[in-house]
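First comes the structure, then the notes that go with it.
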Amino acid sequence: QRPFARITKKIRQLTYRATLGLNVGSALRNLTQGVNTFAELGTKYTLKGYIDLAKSFVIKNDELIRTGVLRDDFIQDRYLNATKKRLEKMDKVLFFLFEFSERVNRGSASFGAKARALHKGLTEEQSIKEAVLLVEKTQFRFGSIDTPIALQSDIAKFFSQFQSFNVKQTEFLGGKLKAREW
């Protein structure tokens, strides 16, 4: 029904695979987003977040999944229908590094924020809610509802494929500057 939308979606999927798939540099650059967590939590709770995240890997804790911290996939356009099973399997391998780095970013922010909230005396449930909010603030959400309006049309998505992050990072830093949080 919408050939332009279908064509641009295919091109975006190929671009994601080509630029992020098995790209160690992109995964490492993504880890620099931990600076946002540090800006919000400071040294103590950022470090606590990374330590608790490492512990969760060892004991196979699924708290991040249970609390919804990992619910947003960064690469929405890469999902295909069920008839494309080979590509879906390939995507799991291609995006392993990038999704791992995203798990590190979101996990450390979540565990650090939860620890800070518990230290303030909040309940477990309140601490989890605060953690989810901090993850959304520092690691951003990339769902279609969270995409800036100017970037939502098919043509805008096509020409500004990776710009949602830049817009959200600029908003985050602008908020810090406005609040004089150097």
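The values are calculated or read from the model by the stated rules, or taken from the named source; none is laboratory data. It should be emphasised that the depicted structure is a prediction, and the values quoted were computed from it without experimental measurement. Calculation scope for accessible area: heavy atoms of the full protein, side chains included, ligands and nucleic acids excluded. Shrake-Rupley method; radii C 1.70, N 1.55, O 1.52, S 1.80 Å.
Starting from the residue with the highest accessible area, list ARG71, ARG2, ARG103 in decreasing order, probe 1.4 Å. Don't skip to the answer; put the middle values down first.
On the way: ARG71 120, ARG2 145, ARG103 60 Å².
Ranked list, largest accessible area first: ARG2, ARG71, ARG103.
At 0.36 nm per residue, minus the direct Cα-Cα distance, what do GLU181 and PHE158 gain on full extension? Give it in nm, one decimal, please.
On the way: separation 23, 0.36 × 23 = 8.28 nm, distance 3.49 nm.
Full extension of this stretch gives 4.8 nm more.
What does the C-alpha gyration tensor say about the overall shape of the stretch 117-182? Classify as rounded when a/c is under 1.5, otherwise prolate if a/b is larger than b/c, or oblate. Show your work: numbers first, answer last.
Values: a/c = 4.29, a/b = 1.82, b/c = 2.36.
The shape class here is oblate.
Between PHE142 and LYS89, what length in nm is gained on full extension when 0.36 nm per residue of separation is reduced by their alpha carbon distance?
Working: separation 53, 0.36 × 53 = 19.08 nm, distance 2.23 nm.
So the extension gain works out to 16.9 nm.
Check every DSSP H run in the chain and write down those whose alpha carbon atoms cover 15 angstrom or more along the long axis and whose mean Kyte-Doolittle hydropathy is 0.0 or greater.
On the way: long enough: 3-20 (25 Å, -0.38); 34-59 (28 Å, 0.35); 96-119 (34 Å, -0.17); 124-139 (22 Å, -0.50); 163-178 (22 Å, -0.66).
Long hydrophobic helices here: 34-59.
Please report the accessible area of LYS44 (heavy atoms, 1.4 Å probe, ligands and nucleic acids excluded) in Å², nearest 10.
About 130 Å², ignoring ligands and nucleic acids.
Find how much the distance from ALA5 to GLN126 grows on full extension, using 0.36 nm per residue of separation minus their present alpha carbon separation; answer in nm with one decimal. Mind showing how you got there, number by number?
Numbers: separation 121, 0.36 × 121 = 43.56 nm, distance 4.14 nm.
Length gained between ALA5 and GLN126: 39.4 nm.
Excluding residues fewer than 8 places away in the same chain, name every one of the lysines whose C-alpha is closer than 24 Å to that of LYS9.
LYS84, LYS85, LYS89, LYS92, LYS157, LYS168
From largest accessible area down, sort ILE155, ILE128, ILE145, ILE59; use a 1.4 Å probe on the protein chains.
Working: ILE155 90, ILE128 45, ILE145 145, ILE59 120 Å².
Largest accessible area first, the list is ILE145, ILE59, ILE155, ILE128.
Would the stretch 22-65 count as rounded, prolate or oblate if I go by the C-alpha gyration tensor, calling it rounded below 1.5 in a/c and otherwise prolate when a/b exceeds b/c, oblate otherwise? Please list the in-between numbers first.
Details: a/c = 2.44, a/b = 1.10, b/c = 2.22.
Oblate, because a/c is 1.5 or more while a/b does not exceed b/c.
With the cut-off at 1.5 for a/c, could you classify the chain from its C-alpha gyration tensor as rounded, prolate or oblate?
Values: a/c = 2.13, a/b = 1.52, b/c = 1.40.
Prolate.
Taking all protein chains as present, what is the carbon and sulfur share of the accessible area of the stretch 88-182, in % to the nearest whole number, probe 1.4 Å?
Numbers: 3440 of 5470 Å².
Of all accessible area on the stretch 88-182, carbon and sulfur atoms account for 63 percent.
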